[in-house]
Amino acid sequence: MTEIFQHILDALPLLFSVTTILAMVGGTAIGIAVGALPGLSATMGIAVLIPLTFTMEPIAALGMIAGIYNGAMYGGSIPAILLRIPGTPAGIATVFDGYPMAQKGQARLALRISLVSSSIGSGVSAIALLLLAPPLSMIALKFGPADYFWLAIFGLMTIAVLLSNNPVKGLLSAVLGLSVGMIGIDMMTGIERFAFDQLELLSGVNIIVLLTGLYAIPPAIELALNPVKPAGELQEIKDKSSKFRWATLVPVWIKASGIGVVTGIIPALGGNVAALFAWNEQRRGDPDKDKYGKGAPEGVAAPECANNADTAATLIPALTLGIPGSSVAAVILGALLVHGLVPGPQLFRDKAEITYAFMLSMLVTSFLMLVLGTLGARAFINVLKMPTQILAPMIFVMSIIGVFAIHNSMFEVWMMLGFGILGYFMEKLDIPTAPAVLAVILGPIAEENLRRALLISGEGFFSLLQGPISWILVTLILATTVLPVLTKLWRRKRAKIVDIAG
């Protein structure tokens, strides 16, 4: 614990430099604006801006990304309350009581509750990250090559199976990512693989090109083809409840924060699951259940606190084990790689100052979000008046400029657009893109550690099953893949029984 505090003290001067503070403020403001625009998301915002952080210092770049992440999760509540459409997937549950409050003339109160709840949830999540990630990284340092191989496979199977309604589609996405990750020069033999005599592919597919293509271009295509139309009229910002008792929300924040942190640690759940779960639990535990869905302040506080408590918590397995719990975490892993930071326990050993500064930036931006949300409320609300037709060309232009600036290569721009079209059709076919991104990151790690473990032992495949860590990971892999299949078969059998009984 003393060592953790020492690392935090060492990171503070780096975090509170002028450049990093400006980056965090700018990132938080951009994140709120991105979240407030229906059709955009935190994932897209980070993917678009990663190329623009390429020339920045790692701490400033990661501080900006932390601000975008936290800000976007809150920003999604603005259209949810005022227009009855969630700005981000995590804002779905906020619609249930947020929009009815706005209809009753309590829009300002609903926005305040959302802002304060989001800030509290983000702060609790950041503290959980600071307290839980370092001990977990110490355990991970005991992993050998075989353990890292099984860990990478576990990450791939978890995201591929659990992040998709159809496990087959999730695995298909993972296989696509593994194929992309094999492009380039084999690091152990020096043999060219799948480069097709293209000089630009010898070094592999740049992770920024893939991220920008899969996460920035599909929303732009969708906005160009189907501009978002509000489900309701923009509510006037009035407040008929100036004497609201904020103390009544304290128990709500405590329960929702716990739900959000636990949900964030579990891979493949995400902020939308945390928000819906928190709203349902709040309603279930309240004696007056009928008030929910009709404008209950607790119905706004619970989901907003929970979906923001998910943000930093989902980075706990991502930073320590390289297993992101959501698509946003997968993109952030890509950002770490761009700045020369390899996810895993070595982050806490070799890059301790930068790692702790990033974790602290999640805490700092949670308070910046409260300040900016209060001071700039009117400006962020006016973002909703921006015609969605102009967003698509803006995203295209920023993506092209950002990718071209990496290596001044039009080949990578065309590759990015190709991945964008692929990502668009994957979304239309309900094939998740997160397993593909994760496979590009974890695939080479799995391959390298598999071959290293086999070379060290020289005993064949069964040498990978030595040690308790390997057996635990294999058991988790089997549980991850077998349980969904058994659950699906059980549901079919139960449905047949009900049909026969009917």
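Screening VAL175 on (1) surrounded by fewer than 18 Cβ atoms within 10 Å (Cβ to Cβ); (2) not in a helix (DSSP H, G or I) shows it passes everything except condition (2).
Go through segment 244-275 and give me each residue that's in a helix (DSSP H, G or I) and either within 24 Å of PRO432 (Cβ to Cβ) or modelled with pLDDT under 75 (or both). Scanning segment 244-275 gives ILE259, GLY260, VAL261, VAL262, THR263, GLY264, ILE265, GLY271, ASN272, VAL273, ALA274, ALA275. Considering the conditions (1) modelled with pLDDT under 75; (2) within 25 Å of THR433 (Cα to Cα), ALA220 is excluded by exactly one of them, (1).
Condition first: in a loop (DSSP other than H, G, I, E, B), without any contact (Cβ under 8 Å) to a residue 24 or more places away in the chain, more than 27 Å from PHE367 (Cα to Cα) and not aliphatic (A, V, I, L, M). Can you find one or more residues in segment 288-310 that meet it? There is at least one residue in segment 288-310 that is in a loop (DSSP other than H, G, I, E, B), without any contact (Cβ under 8 Å) to a residue 24 or more places away in the chain, more than 27 Å from PHE367 (Cα to Cα) and not aliphatic (A, V, I, L, M). Of the residues making up segment 198-221, those that are surrounded by 14 or more Cβ atoms within 10 Å (Cβ to Cβ) and in a loop (DSSP other than H, G, I, E, B) are GLY204, VAL205, ASN206, ALA216. Number of residues in segment 178-197 that are in contact with an Asp or Glu (Cβ under 9 Å, 6 or more places away or on another chain) and part of a loop (DSSP other than H, G, I, E, B) equals 4. What are the residue pairs meeting all of these: first residue in segment 89-109, first residue acidic (Asp, Glu), second residue not in a loop (DSSP other than H, G, I, E, B), Cβ atoms under 6 Å, and 6 or more apart or on different chains? These pairs meet every condition: ASP97/GLY299; ASP97/VAL300. Restricting GLY423, GLY418, GLY443 to those that are crowded, with 20+ Cβ neighbours inside 10 Å and over 22 Å from LEU315 (Cβ atoms) reduces the list to GLY423. Taking segment 1-86 as the region of interest, the helices (runs of 4 or more DSSP H) fully inside it that hold 2 or more residues being crowded, with 24+ Cβ neighbours inside 10 Å and touching a residue at least 60 places away in the same chain (Cβ under 8 Å) are 18-36, 42-49, 58-75, 77-82. Determine if segment 472-495 includes at least one residue that is basic (Lys, Arg), under 35 Å from the mean Cα position of the chain (by Cα), modelled with pLDDT under 70 and in a helix (DSSP H, G or I). So far as segment 472-495 goes, yes, one or more of its residues are basic (Lys, Arg), under 35 Å from the mean Cα position of the chain (by Cα), modelled with pLDDT under 70 and in a helix (DSSP H, G or I).
With respect to the stated conditions, GLU281 fails to be touching a helix residue (DSSP H, G or I) at 6+ places or on another chain (Cβ under 9 Å), touching a residue at least 24 places away in the same chain (Cβ under 8 Å) and crowded, with 23+ Cβ neighbours inside 10 Å. Candidates are the residues of segment 311-340 that are closer than 20 Å to ILE92 by Cα and in a loop (DSSP other than H, G, I, E, B); the one that is nearest to the chain's Cα centre (by Cα) is SER326.
With respect to the stated conditions, MET426 fails to be part of a helix (DSSP H, G or I) and more than 19 Å from the chain's Cα centre (by Cα).
Taking the conditions (1) within 26 Å of VAL124 (Cβ to Cβ); (2) at pLDDT below 80; (3) hydrophobic (A, V, I, L, M, F, W, C); (4) part of a helix (DSSP H, G or I) in turn, LEU360 satisfies each one other than (2). In the set (1) at pLDDT 85 or above; (2) crowded, with 17+ Cβ neighbours inside 10 Å; (3) among the aliphatic types (A, V, I, L, M), the condition left unmet by MET410 is number (2). When we screen ILE46, ILE81 for residues that are under 21 Å from LEU214 (Cα atoms) and at pLDDT 80 or above, the only hit is ILE46. All of GLY299, GLY260, GLY264, GLY322 fail the test of being over 20 Å from GLY98 (Cβ atoms) and crowded, with 24+ Cβ neighbours inside 10 Å, apart from GLY264.
The values are calculated or read from the model by the stated rules, or taken from the named source; none is laboratory data. All figures in this text were calculated on a predicted structure; none of them were measured in a lab. Glycine also receives a Cβ, built like all others from the backbone with ideal geometry; neighbour counts cover every protein chain displayed.
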